[in-house]
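Read through the structure below, which is laid out as structure tokens, and then see the notes.
The values are calculated or read from the model by the stated rules, or taken from the named source; none is laboratory data. Owing to the predicted nature of the structure, the values given are computational and were not obtained by experimental measurement. As a convention, Cβ positions derive from the backbone with ideal geometry for all residues, glycine included, and neighbour counts pool all protein chains shown.
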Amino acid sequence: MKREGTPYTSVDSMEIEIADEKENIFFKRKELKVKLKHPKTSTPSKQELTKELEAKFNAEEDCIIIDYIFTKKGLGESEAKVKIYKEKPKVEKGKEEVKEVEAQASEAK
């Protein structure tokens, strides 16, 4: 399913428009390109955008991944790339945890 140009207005002074929506069946997620209008405020944070998308798509916070938010210079407009998973994504150990394990192993030698 592909949907373009669906407007959605928030209670705050941020307006969200879905520029592109694709269903990725393989990864069990929706992939969105979102246009944000925030004329009198700074670039919205990932947390603010996540809360808005939670309400719009009725999804859990852990299932929403925001890849980036880019703001056009001098304008109150931004673009964001978002992934909304049907299930909470399984994340492998982070690089920091791997480094800690490697450090502990080298100390044990």
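What the table below lists for this structure:
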| read-out | value |
| --- | --- |
| Test: residue in the range 63-74 that is free of Cβ contacts under 8 Å to residues at least 60 places away in the same chain, crowded, with 18+ Cβ neighbours inside 10 Å and closer than 15 Å to Ser13 by Cα | no |
| For Ser45: the one exception among (1) closer than 16 Å to Ser13 by Cβ; (2) surrounded by 14 or more Cβ atoms within 10 Å (Cβ to Cβ); (3) modelled with pLDDT of 90 or more | (2) |
| Conditions (1) surrounded by fewer than 19 Cβ atoms within 10 Å (Cβ to Cβ); (2) under 12 Å from the mean Cα position of the chain (by Cα); (3) in contact (Cβ under 8 Å) with a residue 40 or more places away in the chain; number of the one not met by Lys37 | (2) |
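This table checks each residue for (1) within 21 Å of Glu87 (Cβ to Cβ); (2) exposed (fewer than 13 other Cβ atoms within 10 Å of the Cβ); (3) in contact with an Asp or Glu (Cβ under 8 Å, 6 or more places away or on another chain); (4) modelled with pLDDT of 90 or more.
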| position | (1), (2), (3), (4) |
| --- | --- |
| Ile16 | no, no, yes, yes |
| Glu21 | yes, no, yes, yes |
| Lys33 | no, no, yes, yes |
| Glu61 | yes, yes, yes, yes |
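A quick yes/no check of all residues on (1) farther than 17 Å from Lys22 by Cα; (2) part of a strand (DSSP E or B); (3) touching a Gly at 6+ places or on another chain (Cβ under 7 Å):
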{"residue": "Val34", "(1), (2), (3)": "no, yes, no"}
{"residue": "Leu49", "(1), (2), (3)": "yes, no, no"}
{"residue": "Glu52", "(1), (2), (3)": "yes, no, no"}
{"residue": "Ala59", "(1), (2), (3)": "no, no, no"}
{"residue": "Ile65", "(1), (2), (3)": "no, yes, no"}
{"residue": "Phe70", "(1), (2), (3)": "yes, yes, no"}
{"residue": "Lys73", "(1), (2), (3)": "yes, no, no"}
{"residue": "Ala80", "(1), (2), (3)": "no, yes, no"}
